[in-house]
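What follows is one structure encoded as structure tokens, with my remarks underneath.
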Amino acid sequence: MVGPWSKFGDRYTRPTGALELMQDLGAAMDGEHSTLLLGGGNPGSIPEVQAIFRRRLTEIAASDESFERLVGRYAHPQGERRFRRLLAELLVREYGWDLTVDNIALTAGSQTGFFLLFNLLAGEFSDGSRRRILLPITPEYIGYTDVGLGEDHFVAQLPIIRELPDNFFKYHVNFDDLKVTGDIAAICVSRPTNPTGNVITDTELSKLDRMARAADVPLIVDSAYGLPFPRIVFTESTPLWNDNVILCMSLSKLGLPGVRTGIIIANEEIIAALTRMIAVLSLAVGSVGPVLLEQFLASGEILSLSQKLITPFYRSKALAACQLLQAQLDGIPYKIHTPEGAFFLWLWLPGLPIRSAALYERLKNSGVLVISGHHFFPGVTESWPHRDECLRISFAQDDDIVERGIGILAAEIKRSFAE
Ligand SMILES: Cc1ncc(COP(=O)(O)O)c(C=O)c1O
């Protein structure tokens, strides 16, 4: 039998940007022809970091107690307790935040965490009202787009563009137009932002914090790339947490996307609600990520390895990718979002004669996967040509792949402008 599916089934089986992206990526990885993967969110391979995790895994496998906790027992539905305790202690030591083990829940990757959070806080309420998640600045993470159980789960705002020297630019929150109306359930921002590599400033973040408190809604900060780890941040920025902030972290960009561990840090009421949801959906969350990492939390090594190995790895790759683009796109109208974090370059091609979605297809046929920028405007209803003039290019893969990919990309862009 192939359908008809339930409304839930229809909702989650329809084509989505996230599905297209993951399928193209999967097909490219399985395929016979080599495709240059500048599209997905896979982290880079950092040999020193991999060696550290591999060594620890071997030690765990050799220890009866750790191995038992790694694979032989269900964890608490809130997540491995020792990991949560050690993380809480680390955050208290590092930032002085007023939190404990009960302010932390683990999820099967932060993508699942967003599904739970966004549907817990927003959607249809028993009094018939609807509430939505406000994205104060777009472009914003593609993965949020389709997680809502209902339609119109997001309302979003376009950014202000500040042009910078040397063909760079930066998006800022347009506070003049930002209103937290009565139908808003929460404000959410990724910092660093996927896809742009933007790190909204400390001033912008504290203004959002104040607006959220004034409207009595939580501020969700998605720190999948950010502080305290994996610290793929190239500018000075201060992390924020208080009992109105929901800070979301992940082990994926440390180089561990396979362990599927997301972390939510919030007030106890929200954590208790999430724990109940997790128990229903999956009984418990996997323990591999938590058990693998707990020693690095206890020693604080997670912070030093982020700072000494992960930040510089991506910083130098960002610089090299910018230099390649700048050299190869000379003579073409282009701008790059100033890379402040994460591992993407966001390329804006003002006046691009074809839509970025068509450019994506051409590039795919030429053996390069990037992502068309139009996917990154969840909740935006206004038309804006800028949406169809941008590409997200990952620079996380090996230098040779990035170099060849950018070469083909630049040639295809030049062809598109010449037509
Ligand atoms: C901004 C952002 N948030 C969340 C996620 C989800 O990460 P995961 O589910 O692997 O923890 C990603 C993945 O690419 C991301 O880029």
Going Cα to Cα from residue 179, which lysines come in below 26 Å? Please leave out same-chain ones fewer than 8 positions away. 170, 207
Test of understanding: extend the Cα→C-beta vector of residue 364 to 7 Å, then name every residue of the range 378-419 with backbone N under 18 Å from that spot. 388-394, 409, 412-413
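Place the peptides 131-137, 64-70, 98-104, 75-81 in order of packing, highest mean first, counting for every residue the other Cβ atoms within 10 Å and averaging per peptide.
Details: 131-137: 24.0, 64-70: 14.3, 98-104: 17.7, 75-81: 20.9.
Peptide ranking by packing, descending: 131-137, 75-81, 98-104, 64-70.
Accessible area per residue of the range 1-118 at 1.4 Å probe, in Å²?
Numbers: 6730 Å² over 118 residues.
With the other protein chains kept in place, the range 1-118 gives 57 Å² per residue.
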Rounded to whole angstrom, the alpha-carbon centroid of the range 123-161 lies from that of the range 39-112 at a distance of 30 Å
Can you tell me how the range 1-130 classifies by the Cα gyration tensor, rounded, prolate or oblate, using a/c under 1.5 as the rounded cut? oblate
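Only Cα pairs under 8 Å and at least 6 apart count here; give the relative contact order of the chain as a rounded whole percent.
Details: 785 pairs, mean separation 97.4, N = 419.
Once divided by the residue count of the chain, the mean separation gives 23 percent.
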If the cut-off is a Cα-Cα distance under 17 Å, which lysines reach residue 364, setting aside same-chain residues fewer than 8 apart in sequence? 414
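Within the accessible area of the chain, what % is carbon and sulfur when the probe is 1.4 Å and the other protein chains stay in place?
Working: 9460 of 18080 Å².
Looking at the chain in its full context, I get 52 percent from C and S.
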Which residue, 331, 128, 41, has the most motion in a Gaussian network model of the chain that connects Cα atoms within less than 10 Å? 128
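Using per-residue counts of other Cβ atoms within 10 Å, averaged over each peptide, order 142-154, 253-265 from highest down.
On the way: 142-154: 18.3, 253-265: 22.1.
In descending order of packing, they fall as 253-265, 142-154.
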The range 107-186, relative contact order in percent, only Cα pairs under 8 angstrom and at least six apart counted: 32 percent
Per DSSP H run of at least 4 residues, take -39500 (n - 2.57); add these up for the chain, divide by its residues and hand me the 222 nm value, nearest 500 deg cm²/dmol. -12500 deg cm²/dmol
If I model a spin label at residue 301 and residue 65 as a point 7 Å from the Cα along the Cα→Cβ vector, what separation in nanometres do I get? 1.8 nm
What shape does the range 148-288 take by its C-alpha gyration tensor, where a ≥ b ≥ c are the square roots of the eigenvalues and a/c under 1.5 counts as rounded, a/b above b/c as prolate, and the rest as oblate? oblate
Dimensions (Å) - the chain, Cα atoms, principal axes, largest first: 62, 55, 54
Given the chain, what percent of its DSSP beta bridges are antiparallel, to the nearest 5? 60 percent
Does the range 340-419 classify as rounded, prolate or oblate by the C-alpha gyration tensor (a ≥ b ≥ c root eigenvalues; a/c under 1.5 gives rounded; else a/b over b/c gives prolate, otherwise oblate)? oblate
Taking the mean number of other Cβ atoms within 10 Å as a proxy for protection, how do you rank 3-16, 372-385 from highest to lowest? 372-385, 3-16
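Are there any helices in the chain, counted as whole DSSP H runs, that stretch 27 Å or more along their axis by Cα and score at least -1.0 on average by Kyte-Doolittle, and if so which?
Numbers: long enough: 399-418 (28 Å, 0.29).
In the chain, the long hydrophobic H runs are 399-418.
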Between residue 19 and residue 168, Cβ-based FRET efficiency (R0 30 Å, step 0.05) works out to 0.40
Partner aspartates and glutamates whose C-alpha sits under 15 Å from that of residue 335, ignoring same-chain residues fewer than 8 away, are 163, 166, 388, 389
Among the DSSP beta bridges whose two residues both lie in the range 17-171, what percent are antiparallel, rounded to the nearest 5? 65 percent
Tell me, what is the per residue accessible area of the range 244-393 in Å², probe radius 1.4 Å? 35 Å²
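The values are calculated or read from the model by the stated rules, or taken from the named source; none is laboratory data. Since we're looking at a predicted model, the values are computed, not measured. For neighbour counting, all protein chains shown are included, and Cβ atoms are generated from backbone atoms with ideal geometry for every residue, glycine included. When the accessible area is computed, the model is the full protein with side chains, heavy atoms only, and any ligands, DNA or RNA have been set aside. Shrake-Rupley method; radii C 1.70, N 1.55, O 1.52, S 1.80 Å.
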